[in-house]
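To keep things clear, I will list the structure first and then write my remarks on it.
The values are calculated or read from the model by the stated rules, or taken from the named source; none is laboratory data. Quick caveat, the model's predicted, so the values are computed rather than measured. Please note: Cβ atoms are built from the backbone with ideal geometry, for glycine as well, and neighbour counts cover all protein chains shown. For accessibility, only protein heavy atoms count, side chains too; no ligands or nucleic acids. Shrake-Rupley method; radii C 1.70, N 1.55, O 1.52, S 1.80 Å.
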Amino acid sequence: MIEEIARQFPPESTQQAVGYPSLFLLVALGALVPVIPTGAIVSSAAVVAFHQTAPVALGLVFLVAASAAFVGDVALYWLGQRGVRSQGGSRWLSSLRGRAAPDRLEQAQAKLRTHQVSLLVLSRLVPAGRIPVMLACLLAQMPLRRFVRGDVPACLAWAATYQLIGILGGSLFPEPWQGVVAAVALTLLISAAPAVWRRLRRGAGTGERPA
């Protein structure tokens, strides 16, 4: 069924239907609302661009994804700053607190003092690492200008990483839909790996020891 649908819509038609504006909106919205799998979206777009004949398609996917992630990050940080400055907080700041695990927030706060830019870059590459680091920056009252300087290389590295995943998926399979499935599966696996690892560690830590 998927193969038949993909044949009816060749890569060029798919790219035109989804479009770079849609890619930008989805990635930017995913940065604001961290429930959208933006990595999978970028990898899928890279697969489609890889199978196109236009040489600039991959470059456009990279630029659109990086700029959208940057815009979403800056918007979320600005909204979080308003919550920090307000006496009653804000729903955006409360949402960030609810999504940041206490242990990861403590680690981010400890590393933020000496590794600001590198920590922001890693937070974008490590699954579920962006929100704790952003919250740590907000609680440390990092100025928006300084956050922007660190977020630029972070978004560039993030877009390049997930685009490479898409290129890998596109190069392994002859049909675009096959590469999309492989890229999405790989990105979801990478995203779920830290949560699975933490659950395994908790289970090992709470397991009963022999007498």
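Data table
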{"item": "Boolean, Pro127 is at pLDDT below 90 and either surrounded by fewer than 22 Cβ atoms within 10 Å (Cβ to Cβ) or not acidic (Asp, Glu) (or both)", "result": "yes"}
{"item": "Helices (runs of 4 or more DSSP H) completely within the range 28-137 that count 3 or more residues being basic (Lys, Arg)", "result": "91-99"}
{"item": "Meets criteria (among the small types (Gly, Ala, Ser) and either within 18 Å of Pro127 (Cα to Cα) or crowded, with 21+ Cβ neighbours inside 10 Å (or both)) for Ser43", "result": "yes"}
{"item": "All positions within the range 143-202 that are modelled with pLDDT under 70 and under 20 Å from the mean Cα position of the chain (by Cα)", "result": "Ile190, Ser191, Ala192, Ala193, Pro194, Ala195, Val196, Trp197, Arg198"}
{"item": "Filter result for the condition that a residue is open to solvent by 70 Å² or more (accessible area, probe 1.4 Å), free of Cβ contacts under 8 Å to residues at least 40 places away in the same chain, small (Gly, Ala, Ser) and out of contact with any Phe, Trp or Tyr (no Cβ under 8 Å at 6 or more places or on another chain), over Ser94, Ser118", "result": "Ser94"}
{"item": "Test: residue in the range 2-21 that is part of a helix (DSSP H, G or I), in contact with a Phe, Trp or Tyr (Cβ under 6 Å, 6 or more places away or on another chain), open to solvent by 50 Å² or more (accessible area, probe 1.4 Å) and at pLDDT below 90", "result": "yes"}
